[in-house]
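The values are calculated or read from the model by the stated rules, or taken from the named source; none is laboratory data. What you are looking at is a predicted structure, and each value in this text was computed from that prediction instead of being measured. Backbone-built Cβ (ideal geometry, glycine too); neighbour counts: all protein chains shown. Surface accessibility is based on the protein's heavy atoms, side chains included, excluding ligands, DNA and RNA. Shrake-Rupley method; radii C 1.70, N 1.55, O 1.52, S 1.80 Å.
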Amino acid sequence: MIPRLGACSLLTALWLLHCCSCGWSETTRTNGVAKGETKEQELMSHERVKRGWVWNQFFVVEEYTGTEPLYVGKIHTDSDEGEGNIKYTISGEGAGTIFIIDELTGDIHATERLDREEQSYYTLRAQARDRLTNHLLESESEFVIKVQDINDSEPKFLEGPYIGSVGELSQIGTSVMKVTASDADDPTYGSSARVVYSVLDGERFFTVDRQTGLIRTAVADLDREKQDRYELVVKATDMAGQMGGLSGSTTVTIVITDVNDNPPRFPQKMYQFSMSEGAAVGTPVGRVIATDADMGENTDMSYLIKDEEGGELFKVTTDSDTQEAIITIKKALDFESKRTHNVVVEAVNKHVDPRFSELGSFRDQTIVRVSVNDIDEPPVFHPAEGTILEVQEDARLGALVGTVTAKDPDMENAPVRYSIDRSTDQEQIFHIDPVSGAITLGNILDRETAGWHNITVMAVEADNVSQISHSSVSIRILDVNDNPPELATPYEASICEDAKPGQLIHSISVVDRDEPQLGHRYYFTLAPEATNNRHFTLWDVKDNTAGIRTQRSGFNRHEQNVYLLPILVVDSGPPALSSTGTLTIHVCGCDPEGTIQSCNATAYAISTSLSPGALIALLVCMLILIVLVLLILTLKRHRKGQSMSEDEEDMRDNVIKYNDEGGGEQDTQAYDMSTLRNLFDFPEAKSGSSESGPDLRTLPQWIQGRMSGDGGAADFSLFKGYIRKKVEQTDGDLSVPPYDSFQTYAFEGNSSPALSLSSIHTLSTTSEQDFSYLSDWGPRFRQLAGYYAPGHPEEDGS
């Protein structure tokens, strides 16, 4: 803050300046157009001098600390002649509270302490009224009271505290960051808001621009590894740094960022590890690490093996999490070959900054010594990758195929025992001597069946059977000529009837299962039984093929349409083997262009004998035909029995018809029971017009009696008409199912010769009726006849 004495001097000077301005304002006339005047009134003001307000711009000093109201200024109208007839009033911002006016003189005073930083000016309106009538004498006019600034606000860093960063080893003058302070004082009045910057603490390493606040490095050897951050105090002073200016400060933290200026370093120049010779490939030997004083990605490094010998046996990788070098086994170790290995491992930074290349090489080396420990190892075969042996196809049992050798790597001349893994030689074709490792033949070989045999031989230490090793042995079977050549396919050829002599009919080739080392050579000729034929000749082309040519012209397929030509094929051996094949030649009819039209199947054999294969094929065909005939007969019989069974079970085809009402439950002779028992031999009742008449055996006994008494004529017209009527009704009924159905009707006829047997009718009449005919109806009506018929002495007696 400004000292109290200096503040009082400044207020006095402002007061004198204000009084001078007020005096000058009283002599100045203001001819303004009042609010509400028209344009015409404005033009008239050029013809005469109009009364108006008289004042200048008003100022009031902020932060006034006096006890009396502070004089601001005076408003006056030139119509005021000093008689006290005019009353001055003000309105607007702060009127009546902050600012008061003397109604008679127009003097304005400030009653409160003002702060320009809170409000820099106030807008008010002045009125001049007649004290008696209270009418406006002058139009209301607006004026402004400005608050005069003093240096009462210090600079402030609104964004502090600040945090910046700069890379280590940066050059002098490298920009770090910018700080800014603001001052609430009026920047247009004096130097109260002019701010300058300076460093209070840390000026040895950093500087700040006096006008802009930009912080720069002051030295070039900032080393993060020594000090990774700096705390600065930056001060901002107003009044351009002059005496009496106010100031504010802030803290600036500058972080030194890392650069790759340090190479990796191994803490030790040698590391020692031990590893068993039986360790598997990929087994970790150990870990080493190189340290780096840098941080972040600048510490990323990779490791590699520099010496050639170490690179063959070992491999090094980098653990991305710990940045350690992991040494692993790349190739199996052998104690007997070398007991100690010195491996040179080098660490190299991944991200090298070329700006610091003059600092030296960003890599370091160390030696990793690996000691190999001896263990009891199984025998080792020589050669280790397996053995290939050869044997002739016709070798005798017990013949030597070859010998395998294995040695104990831990002890010279240690006994080793051999055996064959029988899972690879289940047929036991080979045997091996357990002591010498000699492989001999245990079974007959056939190269055409298997040209190679792959077996596994096992070797164990005689003193420690748990130490076992395996080796693959591949045995190649060398070929011998033990298979005759054969025609490639059963050849067939066709010729036209008008074939010319010497015409090539067909070309033939052979196949041989043998594979001689010098290749095949075959010889063709006609079989002895065909040497005298006058139809065809054989031409040996000398390239293991032969051609068949015609020997004459004028073939007739109606006389003979098939020729069988036996051909003898001999290989080159040794020993020479041969076979005979047959070429079938068909004689066909052809068109003028030589296109075959048709061929007949009549065969004429040059050789009268058939081969065994042809006989077997013929017998197989005949057997197949016999089996097919038997199957067809069995199937037909099975279907016939099945259809008969279905007919017996189908009740719709077994409707039994008989015309017999029966004589009651005790009448066992009313109808013939054999009719129901025989479903396929049921006689139909013939009509009365037939010559022989109805079959009485199928009718009830009481009808038979009546027919025999009436001369054999029975009237069924009544029943036929009834049935015909029912059939017509059924045909017209839409609810009847659409298939044959069995309908049952109860019909007794129009009348009965026995008349009514009602007991009611008997009581209602006194007439005597003759019921003697009941005795003629059979045994079932005998009891009824006893009730109604007159008694017969012979029956009563019985």
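Tabulated data
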quantity	calculated
From the options GLU142, GLU118, GLU159, residue that is among the charged types (D, E, K, R), under 30 Å from TYR230 (Cα atoms) and either open to solvent by 30 Å² or more (accessible area, probe 1.4 Å) or under 60 Å from the mean Cα position of the chain (by Cα) (or both)	GLU159
Qualifying residue in segment 465-472 (condition: more than 15 Å from TYR418 (Cβ to Cβ), exposed (fewer than 15 other Cβ atoms within 10 Å of the Cβ), among the polar types (S, T, N, Q) and outside the structural domain of TYR418 (by the TED database))	no
Yes/no for LEU389 being touching a helix residue (DSSP H, G or I) at 6+ places or on another chain (Cβ under 8 Å) and either open to solvent by less than 60 Å² (accessible area, probe 1.4 Å) or in a strand (DSSP E or B) (or both)	no
Single residue of THR602, THR584, THR595 found to be open to solvent by less than 100 Å² (accessible area, probe 1.4 Å), closer than 29 Å to PRO528 by Cβ, modelled with pLDDT under 90 and more than 60 Å from the chain's Cα centre (by Cα)	THR602
Count - residues of segment 193-217 that are outside any strand (DSSP E or B) and not β-branched (Val, Ile, Thr)	10
Residue list for segment 284-306, restricted to those being open to solvent by 40 Å² or more (accessible area, probe 1.4 Å) and either in a loop (DSSP other than H, G, I, E, B) or farther than 23 Å from VAL352 by Cβ (or both)	PRO284, ARG287, ALA293, MET295, ASP300, LYS306
Residue within segment 188-200 that is closer than 30 Å to PHE356 by Cβ, in contact (Cβ under 8 Å) with a residue 12 or more places away in the chain, touching a strand residue (DSSP E or B) at 6+ places or on another chain (Cβ under 8 Å) and open to solvent by 60 Å² or more (accessible area, probe 1.4 Å) present	no
Conditions (1) touching a residue at least 12 places away in the same chain (Cβ under 8 Å); (2) under 23 Å from GLY82 (Cα atoms); (3) surrounded by fewer than 16 Cβ atoms within 10 Å (Cβ to Cβ): number failed by ILE108	(3)
Residues satisfying the stated conditions in segment 516-532, i.e. open to solvent by less than 60 Å² (accessible area, probe 1.4 Å), at pLDDT below 85 and in a loop (DSSP other than H, G, I, E, B)	PRO516, GLY519
Lone unmet requirement of (1) under 30 Å from THR77 (Cα atoms); (2) surrounded by fewer than 16 Cβ atoms within 10 Å (Cβ to Cβ); (3) of a type in the set (A, V, I, L, M); (4) at pLDDT below 90 for VAL147	(2)
Hey, LEU445 buried (at least 17 other Cβ atoms within 10 Å of the Cβ) and either part of a loop (DSSP other than H, G, I, E, B) or touching a Cys at 6+ places or on another chain (Cβ under 6 Å) (or both) or not	yes
Any chance GLY213 is modelled with pLDDT of 90 or more, more than 20 Å from SER175 (Cα to Cα), open to solvent by less than 20 Å² (accessible area, probe 1.4 Å) and touching a strand residue (DSSP E or B) at 6+ places or on another chain (Cβ under 9 Å)	no
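Residue-by-condition table, conditions (1) under 20 Å from GLY613 (Cβ atoms); (2) assigned to a loop (DSSP other than H, G, I, E, B):
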{"position": "ILE495", "(1), (2)": "no, no"}
{"position": "ASP514", "(1), (2)": "no, yes"}
{"position": "ARG534", "(1), (2)": "no, yes"}
{"position": "ASP543", "(1), (2)": "no, yes"}
{"position": "ILE548", "(1), (2)": "no, no"}
{"position": "ILE567", "(1), (2)": "yes, no"}
{"position": "GLY573", "(1), (2)": "no, yes"}
